[in-house]
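**Student:** Quick one: the structure is below, and I'll ask about it shortly.
The values are calculated or read from the model by the stated rules, or taken from the named source; none is laboratory data. Keep in mind that this is a model prediction, so the values were computed, not measured. Reconstructed Cβ throughout: ideal geometry from the backbone, glycine too, with neighbour counts over all protein chains shown.
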Amino acid sequence: MNVEILARVQFAFTIGFHYIYPPLSIGLGLMLVILEGLFLKTGDRIYEMAVRFWIRIFALIFGIGVATGIIMEFEFGTNWATYSKYVGDIFGSALAAEGIFAFALESGFLGILIFGWNRVGRGVHFFSTIMVFVGSLFSAVWIVVANSWQQTPAGYHIVGQGMNARAEITDFWAMVFNPSSVDRLLHVWVGAILAGGFMVLSVNAWYLLHRKHMEIARPTFRIALVVVATFSLLQLFLGDRSAGIVARYQPAKLAAMEGHFDSSARADMYLFGYVNNRTQNTSGVKIPGGLSFLTYGSFKAPVTGLRAFKPADRPSQVNSIFQLYHLMVACGLAMIFLSLLGCWLWWRDALFKHRWLLWVFAFSVLLPQLANQAGWFTAEMGRQPWVVYGLLRTSDALSRVVSANQIIFSLILFTIVYIVLFALFLFLLNRKIQHGPVDYGTKETIEDGSRRDNPILEHEASQS
């Protein structure tokens, strides 16, 4: 492999592994706000136990996410020095804003969230929970803004020429609100909320299957079900808007997503299929003119195909982009179907009567993760051969002094470290899930020798 391919593989590996955790932080943050809000409103200890349990899970995910994200910033300087110089003023301002307005906010209130239950008032603790959630949202804002600028640059001018060229901000807010940033941000936020919601569904489905912590698992499962049903339907709308932005500003990417090559013909929408990159032919099950209708409102409207672009200006791995895009869509539709099925069974008072469905929910935690990863790779691979769309090619963004052997060596080391981190994460996560929620208030009264009746503990004792 050449240096460009290796550098791209390394960055894809590190960002793909890191991207497991921030969406979970955002989604669980919303669940914490909902559960603690219900506890403050009702005074029901079940919600307190649930929110305390999920705070422990949140802290674990937050810690692993920070550890896995730091390395990417170093890769900008080691493997992508020309890129860093070219976009430093723009990307640097977004990363600085993340650190000042997002990470500081999130981490500052995280200590109160984790350790402040018996040290601050309920209102202060709830405010801290909200701030942690807001901080996680802001963290996504600046990362998505920086990446969206690479997709649809705005609010800049180019200073210098050749290898000395670099982009400078001329309008900060035009850079922030570039043509794709808002729609992509909403799309990312909702995907993150689905990741957290389905994780809560998965864990509580496991408890229900094993008849553990039933009084907590049932209401928490229902709350998470409402969240994922609402946001999975919203994602359908936001996904359509994002596709419209791609069609307008990155037509080559849209053509690759659907394997559309003809430059002036209607575009079919494939449910699934295969793209032959060599023959430039797509086969599979399709809706004739479906992409034309979704893009322009007519089944006969022509859509720009890949042949309208020079070979050097179009994505090379069309089949990979096609498959990843359709995997994202399939996972999204599966989440809609599963959440609506759960709501329908809840309405018929049969939500917890089907063990097979609980097993499906137990494994459903993989659906939003697959969708988020597939969507991110679709966006990044579809932008090729540009690292900044229409301005800087990926092949020109590399560091000139890094060799293939150096990248291979560092990639092997990263792989080993990430495998260890992931194994540690799974071990600690499983340990916390097996331990389950704890009634801290009753535990304290037991130690004081003044136990009061508690139906939750009585149920747990009967199950043990």
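**Student:** Show the residue pairs that are 6+ apart or on different chains and have beta-carbon atoms under 7 Å apart, the first residue being within the stretch 103-118 and free of Cβ contacts under 8 Å to residues at least 24 places away in the same chain, the second being surrounded by 18 or more Cβ atoms within 10 Å (Cβ to Cβ) and assigned to a helix (DSSP H, G or I).
**Tutor:** From residues that are free of Cβ contacts under 8 Å to residues at least 24 places away in the same chain, the pairs are 112/125; 112/128; 116/125; 116/128.
**Student:** Of a type in the set (S, T, N, Q) and over 21 Å from the mean Cα position of the chain (by Cα): is that true of residue 161 in this structure?
**Tutor:** yes
**Student:** Continuing with this model, one more query. Which ones in the stretch 407-431 are polar (S, T, N, Q) and surrounded by fewer than 15 Cβ atoms within 10 Å (Cβ to Cβ)? Steps first, please.
**Tutor:** Within the stretch 407-431, the subset polar (S, T, N, Q) is 410, 415, 430.
Selection gives 415, 430.
**Student:** Which residue pairs have Cβ atoms under 8 Å apart, sit 6 or more places apart or on different chains, and have a first residue in the stretch 165-183 that is closer than 23 Å to residue 375 by Cα and a second that is assigned to a loop (DSSP other than H, G, I, E, B) and of a type in the set (S, T, N, Q)?
**Tutor:** Note: pairs meeting the criteria are 178/152; 179/152; 180/152; 181/152.
**Student:** Here are some conditions: (1) in contact with a helix residue (DSSP H, G or I) (Cβ under 6 Å, 6 or more places away or on another chain); (2) free of Cβ contacts under 8 Å to residues at least 12 places away in the same chain; (3) farther than 27 Å from residue 163 by Cα. Residue 98 meets all but one. Which one does it not meet?
**Tutor:** All conditions pass for residue 98, except number (2).
**Student:** Now a separate question. Could you please give the count of residues in the stretch 144-183 that are in a helix (DSSP H, G or I) and closer than 20 Å to residue 92 by Cα?
**Tutor:** Pass one, the stretch 144-183, residues in a helix (DSSP H, G or I): 144-151, 162-164, 172-176, 181-183.
Pick out the ones that are also closer than 20 Å to residue 92 by Cα and you get 144-151, 163-164, 172-176, 181-182.
Of the residues in that region, 17 qualify.
**Student:** Which residues, counting only those in the stretch 288-303, are exposed (fewer than 14 other Cβ atoms within 10 Å of the Cβ) and either in contact (Cβ under 8 Å) with a residue 24 or more places away in the chain or in contact with a strand residue (DSSP E or B) (Cβ under 6 Å, 6 or more places away or on another chain) (or both)?
**Tutor:** First, the residues of the stretch 288-303 that are exposed (fewer than 14 other Cβ atoms within 10 Å of the Cβ): 288, 297-298, 300.
Across the stretch 288-303, the qualifying residue is only 300.
So that you can scan it fast, the table gives a plain yes or no per residue for (1) in a helix (DSSP H, G or I); (2) under 23 Å from residue 221 (Cα atoms); (3) not β-branched (Val, Ile, Thr):
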| position | (1), (2), (3) |
| --- | --- |
| 5 | yes, no, no |
| 14 | yes, no, no |
| 27 | yes, yes, yes |
| 85 | yes, no, yes |
| 88 | yes, no, yes |
| 93 | yes, no, yes |
| 97 | yes, no, yes |
| 103 | yes, no, yes |
| 110 | yes, no, yes |
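**Student:** Could I ask something else about it? So for the stretch 349-372 (the condition being under 28 Å from residue 144 (Cα atoms), touching a strand residue (DSSP E or B) at 6+ places or on another chain (Cβ under 6 Å), buried (at least 21 other Cβ atoms within 10 Å of the Cβ) and modelled with pLDDT of 85 or more), does at least one residue qualify?
**Tutor:** No, that holds for no residue.
**Student:** I would also like to ask the following. Restricting attention to the stretch 23-58, which residues are at pLDDT below 90 and under 24 Å from the mean Cα position of the chain (by Cα)?
**Tutor:** none
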